[in-house]
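All remarks here apply to the structure that follows.
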């Protein structure tokens, strides 16, 4: 049986309703601008054993008992890393008395150059509470993998090199578990305001 275009209208409308409902439902599970969708528990972080700027052992167990703002970078970084660490320092200042509940932590992606002595001098410029961690290449590899950090050496003029790396600030809860990320564009006021709701 051949249907006229007018006879097909009810079927077209019904199909549109069904498709619209599906699109609305999927809208809650598809990422978009300004929206992050998470399914289940994020598996970021894990056991590690590194060395702090004072030459002492620092492990994942040291993340417990306080909130941690964690950033991966390197001391030879010309711009992004110092700006991000300065942002973290500003956040700590804005937390006021609550800053004692938060540890700002910087882990190098360039352990060949970032020795404990180098890290000590570097992190001191951003605040007295900063902790800087380094280790051998073998120690760093699983840490980068556990935290899903991208880091790759890039040759530059003069035979030197830079490190391309991911740039989010991780937030770890007092149990040492991943609690989210902050992006630099948020600025210190918004990050501090969000942290205060958690402390």
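The values are calculated or read from the model by the stated rules, or taken from the named source; none is laboratory data. The structure displayed is predicted, hence computed values, not measured ones. Counting neighbours? That spans all protein chains shown, and the Cβs are built from the backbone with ideal geometry, glycine included.
Odds and ends about this structure:
- Filtering 145, 98, 153, 128 for residues that are over 17 Å from the mean Cα position of the chain (by Cα) and part of a helix (DSSP H, G or I) leaves a single hit, 98.
- Per this entry, residue 97 is not counted among residues that are farther than 26 Å from residue 156 by Cβ, touching a strand residue (DSSP E or B) at 6+ places or on another chain (Cβ under 6 Å) and either surrounded by fewer than 15 Cβ atoms within 10 Å (Cβ to Cβ) or at pLDDT 95 or above (or both).
- Members of the range 177-193 found to be farther than 14 Å from residue 96 by Cα and in a helix (DSSP H, G or I), listed by number: 184, 185, 186, 187, 190
- Taken over the range 81-94, the criterion of being in contact with a helix residue (DSSP H, G or I) (Cβ under 8 Å, 6 or more places away or on another chain), surrounded by fewer than 16 Cβ atoms within 10 Å (Cβ to Cβ) and closer than 20 Å to residue 166 by Cβ is satisfied by 83 alone.
- Taking first residues from the range 160-187 that are on the phi > 0 side of the Ramachandran plot and loosely packed, with under 15 Cβ neighbours inside 10 Å and partners that are modelled with pLDDT under 95 and part of a strand (DSSP E or B), no Cβ contact under 6 Å between residues at least 6 apart in sequence or on separate chains turns up.
- Where a residue in the range 86-99 is closer than 13 Å to residue 187 by Cα and its partner, wherever it lies, is surrounded by fewer than 18 Cβ atoms within 10 Å (Cβ to Cβ), with Cβ under 7 Å and at least six apart: 87/184; 89/127; 92/127; 92/129; 94/189
- Screening residue 104 with (1) touching a residue at least 40 places away in the same chain (Cβ under 8 Å); (2) under 16 Å from residue 68 (Cα atoms); (3) surrounded by 15 or more Cβ atoms within 10 Å (Cβ to Cβ) gives one miss only, at (1).
- Cβ-Cβ contacts under 9 Å between residues 6 or more apart (or on different chains), taken from a first residue in the range 47-64 that is at positive phi and touching a residue at least 24 places away in the same chain (Cβ under 8 Å) to a second residue that is surrounded by 14 or more Cβ atoms within 10 Å (Cβ to Cβ) and assigned to a helix (DSSP H, G or I), are listed as 55/116; 55/120.
- In the set (1) surrounded by 13 or more Cβ atoms within 10 Å (Cβ to Cβ); (2) modelled with pLDDT of 95 or more, residue 42 fails one condition alone, (2).
Per-residue answers, yes or no, for (1) surrounded by 14 or more Cβ atoms within 10 Å (Cβ to Cβ); (2) out of contact with any helix residue (DSSP H, G or I) (no Cβ under 8 Å at 6 or more places or on another chain):
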| position | (1), (2) |
| --- | --- |
| 117 | no, yes |
| 122 | yes, yes |
| 127 | yes, no |
| 144 | yes, yes |
